[in-house]
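Working notes, beginning with the structure itself.
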Amino acid sequence: MSPSIPAPSEPAATAATTAPALRHPRALVPVLVSLGMLVAVVSSLGAPLIPTIAAEDHVAVSTAQWALTVTMLVGAIATPVMGRLGDGPYRKRVILTGLAAVMAGSLLAALPVGFPCLLAGRALQGVGMGLVPLAIATARDALPPEKARAAVATLSLTTAAGIGLGYPITGLFAEYLGMYAGFWFALATAVAAFVATTIVVPAPPHRPTTPMDFPGALLLAGGMAALLLALAEGERWGWSSLSLLALAVGAVVLLGGWVAHSLRSTHPLVRVSLVKDRGVLVANLTTMVGGVGTYLLIALVTRYVQTPGSAGYGFGASIVVTGLLLVPFSAASLLTGRLVRMLGSAATPARMLPLGCLLSFAGLVCFLLARSSLWGIGVMMALAGLGVGVTFAVTPGLIVGGVPAAETGSAMSFNQVVKYIGYSTGSALSAVVLQAATAPGSGLPTNDGYRSAGLVGCAAFLVTGVLAVALTRFGARPRPSVVAAAGGAAAEASPEPSRP
């Protein structure tokens, strides 16, 4: 059984494929984590500010929603492209370019000159969503196997855990310093990350340059844009409208064409054939379906607690209070990720993935039964964070252990895209279920609508748990988790798996 992060032990691992020595080894992991936290801050600037953006820029709420949608769209397109470029000798340049795009986007969004400028800025900020896979690839290449395992697990948690930090920060800025203060904060954070990356992050190993798969990039970009646009606009256009159905068909055709092209291509944007590896398959499936449940829960909580008490439920909470209720989610996910790593070789996917799904399922059950108090919602978010922490600490190791080192950035980028699909689907599902529970002429859904949406989330985590059990316990080739202790096996590890 090969370790999840292969350690080269043959003479083939020569200086030609070895990364240069680190100039600041202790600072590398904090800098890489800061990239993930920047992504979390950028992504969290959209949802809490939508009503404020609509009021400030005198646009409809549905139009202001594009401040969130456009970032997700650009991120889904840029992430696999950046991942492929980052698998070659230019990874550090790609990271710095992504940070430069975030800086430019934050500056544009921070200028009070109208909604089009803000929208353009949010689009540029979306480029930064491709930074996390590159940070994971850097950790794998630059750190010893044992430290790399811990770093990869931590990095996988930053985007989810950062939500609980980004929302209250965004709320504080919006409530006390105005809508644009959050974008100035994002600019300052991006500048600091750019400087730190320039100083600390090493150059990647000297691998051959892989030709860019432009046809694959166009097919994937078009398919993902159509899919995420359909999910984002389904509520406004109507889920049975001809425009939406045409967009959905187009997404299926383009993504199907991308898969067929990738299987035939010598240098595909994402090596789809690697999904045949059972570890990669279970990681992507659990990431997508689990992402549906996670973002559905977050969308429900943020909307529920801000509903005025006159509706018969809700707390009329401010953006700040709403954000603070997400802090237990972040704290629990980070803490659990660390505890899972401490379990070492006992933290196998067959044990951890079902446990993570069970904890997340318990969080949604708490939402169904104990949402009449803020403390109950806080406990529920902590339980959900425990589940996310367990799951996200394990899934990166399944991918890293199933692909060659030269494919890490590309494979993790595809996993991020799958995660975005899950998040967008969860958000859309919450809107659909609550809209169905809203009476004509009423602006608020009934309390039963939240119960129905919670049951949908429970179903998502049940499906995720079944997939995890089926693919990890009954597979022919079980793999250890990224957090599995290597011990002496790391020194005797087999070389990287050959590329199919």
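The values are calculated or read from the model by the stated rules, or taken from the named source; none is laboratory data. These numbers were taken from a predicted model, which means no experiment stands behind them. Quick reminder, even Gly has a Cβ in these numbers, built from the backbone with ideal geometry, and neighbours come from all protein chains shown. To get the accessible areas, we keep the full protein, side chains included, count just its heavy atoms, and leave off ligands, DNA and RNA. Shrake-Rupley method; radii C 1.70, N 1.55, O 1.52, S 1.80 Å.
Figures for the structure shown
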quantity: Hits in the range 396-414 - residues which are in a helix (DSSP H, G or I) and open to solvent by less than 10 Å² (accessible area, probe 1.4 Å); calculated: Pro396, Gly397, Leu398, Ile399, Val400, Ala405, Glu407, Thr408, Gly409, Ser410, Met412, Ser413
quantity: Residue check for Arg207: modelled with pLDDT under 90, out of contact with any Lys or Arg (no Cβ under 7 Å at 6 or more places or on another chain) and not in a helix (DSSP H, G or I); calculated: yes
quantity: Residues within the range 176-213 that are open to solvent by 40 Å² or more (accessible area, probe 1.4 Å) and more than 27 Å from Val41 (Cα to Cα), tallied; calculated: 6
quantity: Boolean, Leu108 is touching a residue at least 60 places away in the same chain (Cβ under 8 Å), touching a Gly at 6+ places or on another chain (Cβ under 9 Å) and open to solvent by 10 Å² or more (accessible area, probe 1.4 Å); calculated: no
quantity: Close pairs from the range 181-195: first closer than 11 Å to Gly128 by Cβ, partner aliphatic (A, V, I, L, M) and not in a helix (DSSP H, G or I), Cβ under 7 Å, at least 6 apart; calculated: Ala186/Leu45
quantity: Checklist (1) within 22 Å of the chain's Cα centre (by Cα); (2) within 17 Å of Gly182 (Cβ to Cβ) applied to Leu111, failing item; calculated: (1)
quantity: Qualifying residue in the range 214-225 (condition: modelled with pLDDT of 85 or more, of a type in the set (Gly, Ala, Ser), surrounded by 21 or more Cβ atoms within 10 Å (Cβ to Cβ) and not in a loop (DSSP other than H, G, I, E, B)); calculated: yes
quantity: Which listed residue, of Leu374, Leu369, is aliphatic (A, V, I, L, M), over 20 Å from Thr287 (Cβ atoms) and free of Cβ contacts under 8 Å to residues at least 12 places away in the same chain; calculated: Leu369
quantity: Residues located in the range 358-394, provided they are open to solvent by less than 10 Å² (accessible area, probe 1.4 Å) and under 19 Å from the mean Cα position of the chain (by Cα); calculated: Ser360, Met381, Ala384, Gly385, Gly387, Val388, Gly389, Val390, Ala393, Val394
quantity: Residues located in the range 171-196, provided they are of a type in the set (A, V, I, L, M) and within 20 Å of Asp57 (Cβ to Cβ); calculated: Ala174, Leu177, Met179, Ala181, Ala186, Leu187
quantity: Selected residue (only one of Gly290, Gly323, Gly279 is touching a Lys or Arg at 6+ places or on another chain (Cβ under 8 Å) and modelled with pLDDT under 85); calculated: Gly279
quantity: Selection count, the range 354-387, where residues are out of contact with any Phe, Trp or Tyr (no Cβ under 7 Å at 6 or more places or on another chain) and under 18 Å from Gly279 (Cα atoms); calculated: 3
quantity: Subset of the range 443-500 (residues that are surrounded by fewer than 18 Cβ atoms within 10 Å (Cβ to Cβ) and modelled with pLDDT of 75 or more); calculated: Thr446, Asn447, Asp448, Arg451, Ser452, Leu455, Ala459, Leu462, Val463, Val466, Val469, Ala470
quantity: Where Ala299 falls short, out of the listed (1) open to solvent by less than 10 Å² (accessible area, probe 1.4 Å); (2) more than 23 Å from Ala393 (Cβ to Cβ); (3) under 18 Å from the mean Cα position of the chain (by Cα); calculated: (1)
quantity: Failed criterion for Pro328 (all others in (1) under 20 Å from Leu165 (Cβ atoms); (2) buried (at least 21 other Cβ atoms within 10 Å of the Cβ); (3) not hydrophobic (A, V, I, L, M, F, W, C) hold); calculated: (2)
quantity: Criterion (surrounded by fewer than 18 Cβ atoms within 10 Å (Cβ to Cβ) and within 19 Å of the chain's Cα centre (by Cα)) met by exactly one of Arg338, Arg236; calculated: Arg338
quantity: All positions within the range 315-324 that are open to solvent by 20 Å² or more (accessible area, probe 1.4 Å) and outside any helix (DSSP H, G or I); calculated: Phe315, Gly316, Ser318
quantity: Set Gly312, Gly279, Gly293: member being within 21 Å of Leu434 (Cα to Cα) and either in contact with a Gly (Cβ under 9 Å, 6 or more places away or on another chain) or open to solvent by less than 10 Å² (accessible area, probe 1.4 Å) (or both); calculated: Gly293
